[in-house]
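Worksheet: one structure, shown below.
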Amino acid sequence: MSKPKPAPLPSGTVVGGYSIVKKLAAGGFGVVYLAEGEKQQLVAIKEYLPASLAERSPGELTPRVKPDKQPLYRLGLKSFFEEGRSLAQISHPSVVSVLNFFRENETVYMVMNYLQGDTLQDFIVTARDLKRDKVFRESTIRSLFDEILRGLRIVHQHKMLHLDIKPANIFVTNENKAVMLDFGAAREVLSKEGNFIRPMYTPGFAAPEMYRRDGTLGPWTDIYAIGACIYACMQGYPPNDAPQRLEKDRLALSLSRLRNVYSDNLIEVTEWCMSLDPLSRPQSVFALQKELSRETERRYTKLSFGERLKLQLETMKTGAKA
């Protein structure tokens, strides 16, 4: 029987002068609430609450952590606190604004702008269900990721990595602004240090080096995830996850189906970002921005009859093996 998740804070609870309105979301490493400040302004508050380390019964405020799990709990808490402090120093429209962060109830709370809109994942699912030839227009993909990359470049300049870029963590506001949410520093620390914690990566978006305990992470790790997000915007589905690709890589085959639908440049950029070898990817956001801005060189290569036939046979073979 699986262990029950720690109970969220009940509505009306006051932490750091903010009154909890309701739970918005919960994951393996924290809970996000809608809350109200002293001047009735709405904010989102993220509470550090790793489900594999902490317990909490309904109505309680302070998480209970067993003595043997305390060192790891505190390590993650320190990382979460430092992430809040670093994000509070970044002011960019494509990076979620951290307004405040504080310790209380033996945990940490991060107070952020409350955004209204939908995630990129919601848009992809809706567009995919409409069964159009193109999930998104190429111009939409380019302008969306131009915004995201501007924010990511600032994050990297602050010596931070996001480590959990995926369509569910890219928020498109009602004002059509793209914003990165839910940074994964604490999650990464706990996954690497805690032998009993299963790494919680979203299949398809985590770079291969994230699956290795000795993997060297850097800007190239976030760039892999950007490539995977672009892929999802073109295909409507995430790519195969890195361990699968290391066994049998079908990325080039999947992308070749999109030739003549999206430009050669966009397909090549996506494949470049998603190289299994970290050194073969763009090593900085600037290098990727430079390539992605080459919109004037939009060429479309049509598949020849022979290529179409080969692709059809490969697809049939893949389907038969699945």
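Taking region 66-92 as the range and being touching a residue at least 40 places away in the same chain (Cβ under 8 Å), farther than 23 Å from Q157 by Cβ and out of contact with any Ser or Thr (no Cβ under 8 Å at 6 or more places or on another chain) as the test, the residues that pass are L72, L75, G76.
Can you say whether S263 is out of contact with any Phe, Trp or Tyr (no Cβ under 7 Å at 6 or more places or on another chain) and either at pLDDT 95 or above or surrounded by 12 or more Cβ atoms within 10 Å (Cβ to Cβ) (or both), as far as the supplied structure shows? The answer is no for S263. Note on region 42-69: residues that are within 27 Å of the chain's Cα centre (by Cα) and closer than 21 Å to G84 by Cα amount to 13. Can you find a residue that is more than 19 Å from I170 (Cβ to Cβ) and in contact (Cβ under 8 Å) with a residue 24 or more places away in the chain anywhere in region 227-239? Checked region 227-239: no residue is more than 19 Å from I170 (Cβ to Cβ) and in contact (Cβ under 8 Å) with a residue 24 or more places away in the chain. Filtered by the rule that a residue be within 16 Å of K78 (Cα to Cα) and surrounded by fewer than 17 Cβ atoms within 10 Å (Cβ to Cβ), region 106-135 gives a lone residue, E106.
Look through region 148-177, keep the residues that are outside any helix (DSSP H, G or I) and β-branched (V, I, T), and return whichever of them is surrounded by the fewest Cβ atoms within 10 Å (Cβ to Cβ). Restricting to residues being outside any helix (DSSP H, G or I) and β-branched (V, I, T), the top hit is T173.
Restricting attention to region 241-257, the residues that are in a loop (DSSP other than H, G, I, E, B) and either of a type in the set (D, E) or crowded, with 18+ Cβ neighbours inside 10 Å (or both) total 2.
Here E38, E82, E55 are screened, and the one residue that is in the same structural domain as V98 (by TED's automatic domain parsing), more than 28 Å from L163 (Cα to Cα) and either of a type outside the set (K, R) or out of contact with any strand residue (DSSP E or B) (no Cβ under 9 Å at 6 or more places or on another chain) (or both) is E38.
No other residue among G16, G27 is surrounded by 13 or more Cβ atoms within 10 Å (Cβ to Cβ), small (G, A, S) and within 19 Å of the chain's Cα centre (by Cα) apart from G27. Just one residue in the set E47, E83, E55, E60 is of a type in the set (D, E) and surrounded by fewer than 16 Cβ atoms within 10 Å (Cβ to Cβ); that residue is E60. Restricting the first member to region 118-146 and to residues that are within 16 Å of L181 (Cα to Cα), and the second to residues that are assigned to a helix (DSSP H, G or I), the beta-carbon pairs closer than 7 Å and six or more apart or on different chains are T119/P167; T119/A168; L120/P167; Q121/P167; Q121/A168; F145/I226; F145/I230; F145/L292.
Candidates in region 265-279 are the residues that are in a helix (DSSP H, G or I) and either of a type in the set (D, E) or under 19 Å from L217 (Cα atoms) (or both); of these, the one that is nearest to the chain's Cα centre (by Cα) is C273. Residues in region 253-263: is at least one assigned by TED's automatic domain parsing to the domain that holds L161, of a type in the set (V, I, T) and within 19 Å of I148 (Cβ to Cβ)? Scanning region 253-263, I find no residue that is assigned by TED's automatic domain parsing to the domain that holds L161, of a type in the set (V, I, T) and within 19 Å of I148 (Cβ to Cβ), so the answer is no.
Right, E38: assigned to a loop (DSSP other than H, G, I, E, B), over 30 Å from N176 (Cβ atoms) and without any contact (Cβ under 8 Å) to a residue 40 or more places away in the chain or not? Criteria met by E38.
Per the conditions (1) exposed (fewer than 15 other Cβ atoms within 10 Å of the Cβ); (2) under 22 Å from N240 (Cα atoms); (3) not β-branched (V, I, T), the sole criterion not satisfied by F145 is (1).
Residues that are closer than 13 Å to M110 by Cβ, outside any strand (DSSP E or B) and of a type in the set (G, A, S) within region 1-35 comprise just one, G16.
The values are calculated or read from the model by the stated rules, or taken from the named source; none is laboratory data. The model shown is predicted, which means the values in this text are computed figures rather than measured ones. Please note: Cβ atoms are built from the backbone with ideal geometry, for glycine as well, and neighbour counts cover all protein chains shown.
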